[in-house]
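Any read-out appearing in this document is the output of simple, stated calculations on the displayed coordinates, not a laboratory observation. Values in this document were obtained by computation on a predicted structure and should not be read as measured data. Neighbour counts are summed over all protein chains in view; Cβ atoms, including those assigned to glycine, are modelled from backbone coordinates with ideal geometry.
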Ligand SMILES: [Zn+2]
Ligand SMILES: [Zn+2]
């Protein structure tokens, strides 16, 4: 059966490549993706699907009901591009000048359309329902959270018992499937600290209260505090990336602003890091007779793969691409994903799909988000087949 699924995926690949290139030419950023949505709706037209067009975002949900009753499975593809200029020179490169499908979400969208076509053909074999989640705004806009808030999980009548997403990457050879049990990607929160002292003449620090020295101490103390308080087996990262202070060599400024990112691999450590960083910043500032105000902008939660689902889908991956093309990742990625919101509600897993172009290697290929990144479109056949196998594993 696995072989016929692959053959069916290969048979429709040329049309899926065409759709992917159409999406690639016109990348849209954020939560409203009108052109992308139109292309998706056109590509799904004629299939035996119930289509729900979301109104809080440009999200689209397509429901496929099998001939027999059974559980619901959710398959997700994100659809948004990034705000950067494409410099790949591809003949289907972005025509917008300032947006690019640099994270491969055009492949995800096209693969999900392909999976909807393949599973529609197998409708008679399905005992249950497949929910196709076409999601906008993954790149920092919390698109998945908005779709959940609009009732995504109830849109088929029964809540999904399995959720699967695939992300293409150039750090793996084309067609390789990689996953793991437990944390797959980190949480990512933005950190903002304002240290307030008293400004003055740079020659008389005793007559001022210099927040620059205190801010420097906060940066270093946070690093020490993280290594002394956070388990090495459940690690976290705090990186300061912005340090803004005065404007003149002879003026002590009144304030220093620090910004950075906090990454963690469990909800517990994520919460611990927020408490720890705020406490250290406050404590150091108070020791110097000043104040530090710490605020966090919550980004995406930790993406946690359910261990049973991960094991089930690793087996499916083995039968699909062979053991030598399946990677059980030793470590999570410290990047973040808003599929995490779906996985907070539904047991499921996210997998990486290698899509390094054949003329490059994972070592030489530009990464996702690069203005030069290219993906191997052949990998989409594997991605479509993997979606189909995930659904058939529960509904077949
Ligand atoms: Zn991305
Ligand atoms: Zn992405």
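Some points to look at:
- Ordering of 384-393, 91-100 by packing is 384-393, 91-100, highest average first (other Cβ atoms within 10 Å, averaged per residue).
- Sorted on the mean count of surrounding Cβ atoms within 10 Å across their residues, most packed first, peptides 140-147, 363-370, 241-248, 109-116 read 109-116, 140-147, 363-370, 241-248.
- Helix-only CD estimate at 222 nm, as mean residue ellipticity for the chain, using -39500 (n - 2.57) per DSSP H run (n ≥ 4): -11500 deg cm²/dmol
- Using the Cβ-Cβ distance between residue 286 and residue 227 with R0 set to 22 Å, the FRET efficiency from 1/(1 + (r/R0)^6) comes to roughly 0.50.
- On the beta carbon distance between residue 324 and residue 363, with R0 = 25 Å, the FRET formula returns roughly 0.85.
- Taking the longest Cα principal axis of the chain as reference, the axis of helix 267-287 is set at about 10 degrees.
- Cα centroids of the range 1-35 and the range 143-220: 30 Å apart.
- Per-residue extension of 0.36 nm, minus the Cα-Cα distance of residue 55 and residue 149, leaves a gain of 32.7 nm for this segment.
- Principal semi-axes in Å for the range 214-325 [√(5λ), Cα gyration tensor, largest first]: 41, 15, 11
- Values of log10 I(q)/I(0), in the order q = 0.08, 0.12 Å⁻¹, for the chain under a Debye, Cα-only, solvent-free model: -0.47, -0.92
- Tilt relative to the chain, helix 105-121 - C-alpha long axis, 0 to 90 degrees, to 10: 30
- Distance cut-off 13 Å, percentage of C-alpha pairs in the range 258-310 lying past it: 66
- In units of the compact-protein estimate 2.2 N^0.38 Å, the range 111-198 shows a Cα radius of gyration of 1.56.
- Residue 247 paired with residue 127, simple spin-label distance in nm, labels 7 Å along Cα-to-beta-carbon: 7.2
- Within a Gaussian network of the chain (alpha carbon springs, distance under 10 Å), most fluctuating of 196, 231, 340: 231
- Gaussian network model of the chain, springs between alpha carbon atoms under 10 Å - residue of 360, 75, 13 with greatest fluctuation: 360
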